[in-house]
Amino acid sequence: MDRILEPELMTDEAQALAYAKADFAQVNQGFVDRFRACFPKVVGGAMVDLGCGPGDIPIRFAKTLPDFTITAVDGSEPMIALARQAVEEAGVADRVRALCSRLPMLPLPLQSFDAVVSNSLVHHMPDPHLFWNEVVRLGKPGAPVLIMDLFRPESQERAREIVEQYSGGEAPVLKEDFFNSLCAAFTLREIRYQIIRSRGLGGLVCELASDRHWIVWGHLPKGLQKGPPP
């Protein structure tokens, strides 16, 4: 099926709260564990999490890899409010800063992060190249990159099946959001094409991570010159 865009930001407070209450523990911890498996020697520094949502992933990173300081970015004010509350309750406010800002050209210094991560943001982007350009802009030369998101199934019927399989017991608003996200997601082939076209990302690995997720990982080139991507 063709891609069907969904709203770029989750601005409804009830929708954001339903998302925050949903059980993503297995997927989120799996994302953190995958970072450790892909980059076993990377144990600290400055990390940016693009599209942090209610903050569960940056909190998990802070607890698992306590030598990281993490800038957690999301364009949704309700999401960032939830993230800030969660960070305080988790006792990691000294190492996690939640920032409400929207791509592209975040108010963050060029090549200032030792690691760039993101889970479930790319499908929100009308123009995904803005996302990939920001990854290159923010990461230091040689920085590890780990990006994960949903991939678009072959039909809306298959999307509904996936929703029922993994979120059948969740609130209706969350199930509909999951369905819309699947329809807005990119195929693995589309993601590979985006990577090839993005300066500085051609060496990253792009592969399936599950029956509904793709993942992109690797290191930014060490010889990448400073300056905004074209």
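Taking a point 7 Å out from the Cα of GLN111 in the direction of its Cβ, the residues of the range 189-205 whose backbone N falls within less than 17 Å of it are 199-202.
On the chain, 52 percent of the accessible area sits on carbon and sulfur atoms, based on a 1.4 Å probe.
The aspartates and glutamates within cross-link reach of LYS222, meaning a Cα-to-Cα straight distance under 13 Å and a gap of 8 or more places when in the same chain, are ASP114. Scanning residues 5 or more positions from PHE151 or on other chains, those with amide H under 5 Å from its amide H are HIS213, TRP214, with H placed 1.01 Å from N in the peptide plane. Work out, in µm²/s and without decimals, the Stokes-Einstein translational diffusion coefficient of the chain at 25 °C, 0.890 mPa s, Rh from Kirkwood over C-alpha pairs. Translational diffusion coefficient: 139 µm²/s. Listed by chain and number, the lysines whose C-alpha is less than 24 Å from the C-alpha of LYS21, apart from same-chain residues fewer than 8 away, are LYS63, LYS175.
Net charge in the neighbourhood of CYS100 (other residues with Cβ under 10 Å of its Cβ; Lys, Arg +1, Asp, Glu -1) is 0. Residues in the chain average 46 Å² of solvent-accessible surface per residue, probe 1.4 Å, ligands and nucleic acids excluded. Shape class of the range 26-132 from the Cα gyration tensor (axes a ≥ b ≥ c, square roots of the eigenvalues): rounded, since a/c falls below 1.5.
The values are calculated or read from the model by the stated rules, or taken from the named source; none is laboratory data. In this text the structure is predicted, and so the values were computed from the model without any measurement. Note: ideal-geometry Cβ built from the backbone for every residue, glycine included; neighbour counts use all protein chains shown. SASA here: full protein model, heavy atoms, side chains in, ligands and nucleic acids out. Shrake-Rupley method; radii C 1.70, N 1.55, O 1.52, S 1.80 Å.
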